[in-house]
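Structure first, commentary second.
Derivation of every value follows stated rules applied to the coordinates shown; laboratory data play no part. Predicted model only: the values in this text are computed from it and were never measured. Cβ atoms come from the backbone with ideal geometry, glycine included; neighbour counts cover every protein chain shown.
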Amino acid sequence: MKIAAIETIPYAIGYQKPLKFASGEVAVADHVLVKVTTSDGVVGYADAPPRPYTYGETQASIISVINELFSPALIGRGILDSEQIFQVMNRTIGNDVAKGAIDIAIWDCIGKTLGQSVHSLLGGYSQSLEVSHMLGFDDPAKVLDEALAMRENYGISSFKIKVGRRPRELDLEICTKLRAGLGQEADLYVDANRGWSATEAMAALPILEAAGISTFEEPCDAKEYLGRRELVKKSSIPIVGDESVPTPGQVTSELLSGGCTAISIKTARGGFSNATKILNLCQGMGVQVMIGNQIDTQIGTAASLAFGASHLATTRKAAELSNYLDLKDDLVANPLEIKNGHIEVRNLPGVGVEIDQSKLDFYRIR
Ligand SMILES: [Mg+2]
């Protein structure tokens, strides 16, 4: 089975409620659906969510790098030639989301060709994942109302709170209010998306610790070298690397130099192959991991679910799988369902996503 065609389909779907955080705001999912067709006519899909303020990729750049560089070099190669495929894409630096979508779409083809779910091919550890919900910037009372509604409607009891604003008291008030409103059993953790300086993050520690925050993600820019390491040493809360660690090399560098103590893995960055390398590296070093969310649609979320549920280490903390709930619509014909705080894996061949072609026709940008 060889790669016969790679298509890049731009589309746009609005959010009911834009997600606001320290490094940006997302009001529209202006993504690229990547479609890989094999010589046997098997079709695999993946979603590419551009996040220019974090990684520099845009909808147009994802299309360009795939159409101009990756596609010509990949067409004709076998879908199982994973190391060749990796090396071809690795000739181009960065562009981890474009690379990730190609990787996931090829994995979808492999699963469909073999009649096996990618979840089982990757390890198949668990049939479900616990879901964590991400809470963007808003007034403290509104954030608490949203968390309570998510617990009531979906049984979710793990929440990521976006922080990193100035004055920081507003964010810290949210953490304290959520702990009081949700009780001790809720898992609460924060992500500053580099919004604070290391000094500001350090000053936030006592209140975050008092609120029982379980992890503190990208408290400041990882390039703030000494301050970040001082913070990691002082914090009793594990410091999580996310956008600072998209590749195994960066994971190694940040962990060994004391820039973070836990790692957020996102399948949208580099796909299942890159995520597997990072996971194996972290397991070898005895480092905590979690499944993050690149503000994914249901297509991207299904990929995170397939990967996260396939390994023990990624089931230990709730996975960020609920951002798609804020989208006005989605491209899938078989929607995901969050029940009792969990999403079940669907054992369909491939990643588990069926595309609704009429919705794709409606939302695609021509
Ligand atoms: Mg993050």
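Given the pairs Lys177/Lys266; Lys223/Lys328; Lys35/Lys328, which are separated by over 32 angstrom at their Cα positions? Kindly include the intermediate steps, with their values, before the conclusion.
On the way: Lys177/Lys266 29 Å; Lys223/Lys328 36 Å; Lys35/Lys328 23 Å.
Table pairs above 32 Å Cα-Cα are Lys223/Lys328.
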Furthest towards positive pole of dipole, Ala203, Val163, Ser257, structure part the stretch 120-344, Cβ charges: Ser257
Charges only on Cβ, +1 for Lys and Arg, -1 for Asp and Glu: so what's the dipole of the stretch 230-366 about the Cα centre, in debye to the nearest 20? 300 debye
For the chain, find the longest principal axis of its Cα atoms and tell me its angle to the long axis of helix 140-154, 0 to 90°, nearest 10. 50 degrees
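If I stretch the segment between Glu354 and Gln127 completely, what's the gain in nm (0.36 nm per residue apart, minus their alpha carbon distance), one decimal? Kindly include the intermediate steps, with their values, before the conclusion.
Working: separation 227, 0.36 × 227 = 81.72 nm, distance 1.89 nm.
Stretched out fully, the Glu354 to Gln127 stretch lengthens by 79.8 nm.
Using 0.36 nm per residue, how much length does the chain from Glu344 to Glu83 gain when fully extended, once their Cα-Cα distance is taken away?
Numbers: separation 261, 0.36 × 261 = 93.96 nm, distance 3.08 nm.
In short, 90.9 nm is gained.
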Dipole size in debye (nearest 20) for the stretch 120-344 around its Cα centre, Lys and Arg Cβ +1, Asp and Glu Cβ -1? 620 debye
So what is the relative contact order of the chain, in percent, for Cα pairs below 8 Å that sit 6 or more residues apart? 22 percent
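Over 31 Å between Cα atoms: which of Lys17/Lys233; Lys112/Lys162; Lys112/Lys359; Lys99/Lys233; Lys99/Lys162 fall into that group? Working shown, then result.
Numbers: Lys17/Lys233 37 Å; Lys112/Lys162 37 Å; Lys112/Lys359 22 Å; Lys99/Lys233 34 Å; Lys99/Lys162 27 Å.
Correct reply: Lys17/Lys233; Lys112/Lys162; Lys99/Lys233.
Highest mean first, what order results for 304-311, 161-168, 53-60 on Cβ atoms within 10 Å? Present the calculation step by step, with values, prior to reporting the outcome.
Details: 304-311: 26.6, 161-168: 19.4, 53-60: 16.5.
Per-residue Cβ counts within 10 Å, averaged per peptide and sorted highest first, yield 304-311, 161-168, 53-60.
Between Leu148 and Met285, take the C-beta separation as r, use R0 = 41 Å, and let me know the FRET efficiency to the nearest 0.05. Show your work: numbers first, answer last.
Numbers: r = 38 Å, r/R0 = 0.92.
Efficiency computed from Cβ-Cβ geometry: 0.60.
Once you order the gyration tensor axes a ≥ b ≥ c over the Cα atoms, which shape class does the stretch 120-344 get: rounded for a/c under 1.5, otherwise prolate or oblate by comparing a/b with b/c? Mind dumping the intermediate values first?
Values: a/c = 1.82, a/b = 1.10, b/c = 1.65.
The shape class here is oblate.
Based on Cβ point charges of +1 for Lys and Arg and -1 for Asp and Glu, what charge dipole magnitude is obtained for the stretch 63-141 about its Cα centre, in debye rounded to the nearest 20? Write down the numbers at each step before the final one.
Working: 4 positive and 9 negative charges, 84 e Å.
Dipole magnitude for the stretch 63-141 comes out near 400 debye.
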In degrees between 0 and 90, to the nearest 10, how far off the longest principal axis of the chain does helix 198-210 point, with axes built from Cα atoms? 70 degrees
On C-alpha positions alone, give me the angle between the axis of helix 169-182 and the longest principal axis of the chain, in degrees, nearest 10. 80 degrees
Would you please give the FRET efficiency between Ser257 and Lys277, computed as 1/(1 + (r/R0)^6) with r the Cβ-Cβ distance and R0 = 22 Å, to the nearest 0.05? 0.70
Two-site label geometry, Ile93 and Glu230: point separation in nm, points 7 Å out along Cα→Cβ: 3.0 nm
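Ranked by Cβ crowding within 10 angstrom, fewest neighbours first, how are Val240, Val97, Val88, Val28 ordered?
Ascending number of Cβ neighbours within 10 Å: Val28, Val88, Val240, Val97.
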Per the charge dipole of the chain (beta-carbon charges, Lys/Arg positive, Asp/Glu negative, Cα centre), the residue among Ser304, Leu360, Ile13 reaching farthest to the positive end is Ser304
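Between Arg366 and Asp139, what is 0.36 nm times their sequence separation minus the Cα-Cα distance? Round to one decimal in nm.
Working: separation 227, 0.36 × 227 = 81.72 nm, distance 3.84 nm.
Gain in length upon complete extension: 77.9 nm.
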Highest GNM mean-square fluctuation, the chain, Cα pairs closer than 10 Å: which of Leu256, Leu144, Leu172? Leu256
